[in-house]
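Everything below concerns the one structure shown next.
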Amino acid sequence: MSDANEEKPNNFVQWRHAPASQWIYCPLCREPLLNHTWDGRERRYCPHCGFVYWERALPAVAVLVFEPSRKEILLVTRRYPPFVGGLTFPGGGIELGESVADAAVREVEEETGLVVSLDRQFGTWSTPSNDTIITFFRGHPIGGQLQAGTDAQEARFYPWEEAPSLAFSLHNMVLQLFRMEMRMTIPTS
Ligand SMILES: [Zn+2]
């Protein structure tokens, strides 16, 4: 469990590495890096030890946690940039050695205190910048206690039809898809 009072320093390390073009020295043997083209793209590589900086899109997860009896969706208010104070679905990066489903469950618990059961994948999309790939799940709470975690200012449920706009355009698009799906599956009367 994470400590809810844990604060990240102001100079918190960038979530993403600097672009490869800014890498000067090999992180393994300290020799100057050179450019070489692999697969049609120029990569930074070390002629001394063979290190290559492969730039990849980062995999992430987010969960549409739906509370079926109250018909509410769980959203968190962001504590850290970008979009401090903006609303998103709970989620985050996938740790090395962790399955995509395990990451989804972990991130929800870290950010909201709730333990969820995943119902199914909702879809996988790239962010508009194409530097992150987010797999969205549908899930429902099965335990825990609702409480904003380290990365969230607030975690709370919103009526699924009235949830406000979300900070990221991709999350917003997924929210619209979720609403369309709900309207097709739940009688409105
Ligand atoms: Zn090297």
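Rule-based calculations on the coordinates, nothing more; no lab input. What you see is a predicted model; the values in this text were computed from it and never measured. Note that each Cβ is placed from the backbone with ideal geometry, even for glycine, and that neighbours are counted across all protein chains shown.
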- Folded to 0 to 90 degrees: helix 100-112 orientation relative to the chain principal axis, Cα: 70
- Query: Which whole-Hz ³J(HN,Hα) couplings does the range 142-151 yield from phi under the Karplus relation 6.51 cos²θ - 1.76 cosθ + 1.60, θ = phi - 60°, glycine and proline marked x?
  - Reply: 10, x, x, 10, 5, 7, 4, x, 4, 8
- Note on the structure: HN-Hα couplings for the range 119-130 via Karplus (6.51, -1.76, 1.60; θ = phi - 60°), in whole Hz with x for Gly/Pro, come out as 8, 5, 6, 9, x, 10, 9, 7, 5, x, 7, 6
- Item | Pairwise label distance in nanometres, GLU161 with ASP102, each label 7 Å out on the Cα-Cβ vector | 4.1
- Does the range 58-185 classify as rounded, prolate or oblate by the C-alpha gyration tensor (a ≥ b ≥ c root eigenvalues; a/c under 1.5 gives rounded; else a/b over b/c gives prolate, otherwise oblate)? rounded
- Take ASP151, ASP39 and order them by how many other Cβ atoms sit within 10 Å, fewest up front. ASP39, ASP151
- Task: Please return the longest stretch of the chain lacking exposed loop sites, where trypsin sites (Lys or Arg not before Pro) count only if DSSP places them in a loop and at most 12 other Cβ atoms lie within 10 Å.
- Result: 71-189
- Query: With +1 on each Lys and Arg Cβ and -1 on each Asp and Glu Cβ, how big is the dipole of the range 10-114 about its Cα centre, in debye rounded to the nearest 20?
  - Reply: 360
- Note on the structure: 1/(1 + (r/R0)^6) with r = Cβ-Cβ of GLN153 and GLU55, R0 = 45 Å, i.e. FRET efficiency to nearest 0.05, evaluates to 0.90
- Mind putting a number on the dipole of the chain about its Cα centre? Charges go on the C-beta only, +1 for Lys and Arg and -1 for Asp and Glu, and I need it in Debye to the nearest 20. 440
- Item | Degrees separating the helix 169-185 axis from the principal Cα axis of the chain, which is the longest one | 30
- Query: Between MET184 and SER69, what length comes free when the chain is fully extended (0.36 nm per residue of separation minus the Cα-Cα distance, one decimal in nm)?
  - Reply: 39.6 nm
- Message: Could you tell me the calculated FRET efficiency between TRP38 and THR127, based on Cβ-Cβ distance and R0 = 22 angstrom, to the nearest 0.05?
- Response: 0.35
- Tell me, what is the percent relative contact order of the chain, built from C-alpha pairs under 8 Å that lie six or more residues apart? 21
